[in-house]
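First up is the structure itself, then whatever we jot down about it.
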Amino acid sequence: MATITATRKAYKEAGVVTDAQCVRVVRKDGVILRFTDSVQDLVMSTYIDGDGVSQSLPSDVTYTSIGYKATAADSGGNMTPGTVDLEGILATGHITRDDLKKGLYNQARIYVFYTNYNLPVEDEEKIITGFWGEASIQDGTYTTTFRSLIDVMSTRTGKSYSPTCTARLGDSKCRVGLVRSEWVSSTGYVELSAVDANVGDIVKPTTQNGWLYKCTVSGTSDVSEPAWPTTLGATIADGGATWEAIYPYVQTGTVDSSANKYSFVDTTRTEAAEWWAQGKLEFTSGDNTGVIVDVKQSSTTITIKQEVPFDIIAGDGYTITVGCRKRLSTDCVGKFANVHNNQSFPYIPGPKRISKFGGQ
């Protein structure tokens, strides 16, 4: 439902027609775009907060005049999702084909509101707020889906029974720390737990060598950094502490070669086969910079689950994050020593067992 301030209500009741429609697009990466259908740019220094109170913006913001007008903005009375036609914005060229291909606008927040173009205020009369769904291009035409906030009410929430873990690797339920701090001299370190990856220490060298090291004996580190081994399972004494070499959780790399848009070769990848499978990969240089994809298979050849928008070229840089197939014994126990935080229900009886009668 639209909200309106007392000031705006007053000049509307007085018959003053100075409406300008504005839209603000907030991408997940923090980039904000602002547009208006006014004949000139609108500069705003204040906004209306959720309580209807005027507040000062940290700095002036400009809504660019592009002749945009949102149409078909609605919210069904029977609790059906709201819709909004954003074709006007897409036609202006401010949102590029390449950015849509990269998925930079997927799940972006969208705010549409009216204001007085003679005295513009951000979010003065809110019309609709929601999410930009997945954007795609078909036959040269932009196709987008808008999801209003009411859609949240139809989203399944809560925990579900599943034989595989329902946590996301590294989240507050999983508690596996994907980002690790550098080793520090004369510091007390704790042996890594065998059942809880959040208890104990894993460090990386001050000069990174592509490995992490888990503490296997608690103690205080030496004043000098040890000569870190680079063989899986190798150990090194460090003052009163002892470290063991393990594969990295996050790693950078460079493409050696690629014949398509869904796989490439990096001969420097020496981790165990499938170490990165089900993980995330982000291109950090080249035409696909900023594109994040899921890893399907990994060895010296990395295969991703979906094609990237542009050709993968030798020399393209990337960052890859370890994956988890969410299996109790193989992943939570064997890969991450994190069974205490496993969120699966592998021992719940199936329908046949539950429906048995008596001694059947």
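General remarks:
Yes/no matrix, rows are residues, columns are (1) surrounded by 17 or more Cβ atoms within 10 Å (Cβ to Cβ); (2) without any contact (Cβ under 8 Å) to a residue 24 or more places away in the chain; (3) farther than 30 Å from Ala194 by Cβ; (4) aromatic (Phe, Trp, Tyr):
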| site | (1), (2), (3), (4) |
| --- | --- |
| Ile304 | yes, no, yes, no |
| Glu307 | no, no, yes, no |
| Arg327 | yes, no, no, no |
| Pro349 | no, yes, no, no |
| Arg353 | no, yes, yes, no |
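- Residue selected from the range 172-185 under the condition surrounded by 12 or more Cβ atoms within 10 Å (Cβ to Cβ) and not β-branched (Val, Ile, Thr), by the criterion farthest from Pro349 (Cα to Cα): Ser185
- Count of the range 190-225 residues which are touching a residue at least 24 places away in the same chain (Cβ under 8 Å) and part of a loop (DSSP other than H, G, I, E, B): 18
- Residue satisfying all of: in the range 74-119; of a type in the set (Val, Ile, Thr) and buried (at least 17 other Cβ atoms within 10 Å of the Cβ); modelled with the lowest pLDDT among these: Thr83
- The sole residue among Ser172, Ser263, Ser181, Ser160 that is touching a residue at least 24 places away in the same chain (Cβ under 8 Å) and of a type outside the set (Asp, Glu) is Ser263.
- Residues that are at pLDDT 70 or above, closer than 27 Å to Asn341 by Cα and either surrounded by 15 or more Cβ atoms within 10 Å (Cβ to Cβ) or of a type in the set (S, T, N, Q) (or both) do not occur anywhere in the range 149-158.
- Yes/no for Thr289 being farther than 30 Å from Asp201 by Cβ, of a type in the set (S, T, N, Q) and in a loop (DSSP other than H, G, I, E, B): yes
- Exclusive hit being of a type in the set (Phe, Trp, Tyr), touching a residue at least 12 places away in the same chain (Cβ under 8 Å) and not in a loop (DSSP other than H, G, I, E, B), set Trp228, Trp243: Trp243
- Identity of the residue in the range 251-264, part of a strand (DSSP E or B) and buried (at least 17 other Cβ atoms within 10 Å of the Cβ), that ends up farthest from the chain's Cα centre (by Cα): Phe264
- Failed criterion for Ala227 (all others in (1) modelled with pLDDT of 95 or more; (2) surrounded by 13 or more Cβ atoms within 10 Å (Cβ to Cβ); (3) over 23 Å from Asn342 (Cβ atoms) hold): (2)
- Ile246 vs. criteria under 28 Å from the mean Cα position of the chain (by Cα) and either outside the structural domain of Lys28 (by TED's automatic domain parsing) or surrounded by 13 or more Cβ atoms within 10 Å (Cβ to Cβ) (or both): yes
- Taken together, Ala314, Ala337 contain a single residue that is more than 22 Å from the chain's Cα centre (by Cα) and under 17 Å from Thr267 (Cα atoms), which is Ala314.
Conditions (1) modelled with pLDDT of 95 or more; (2) in contact with a helix residue (DSSP H, G or I) (Cβ under 8 Å, 6 or more places away or on another chain); (3) polar (S, T, N, Q), marked per residue:
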| residue | (1), (2), (3) |
| --- | --- |
| Thr284 | yes, no, yes |
| Ile302 | yes, no, no |
| Gly315 | yes, no, no |
| Arg327 | no, no, no |
| Val333 | no, yes, no |
| Phe345 | no, no, no |
| Ile354 | no, no, no |
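The values are calculated or read from the model by the stated rules, or taken from the named source; none is laboratory data. If you're wondering where the values come from, they're calculated on a predicted model, not measured in any experiment. Note that each Cβ is placed from the backbone with ideal geometry, even for glycine, and that neighbours are counted across all protein chains shown.
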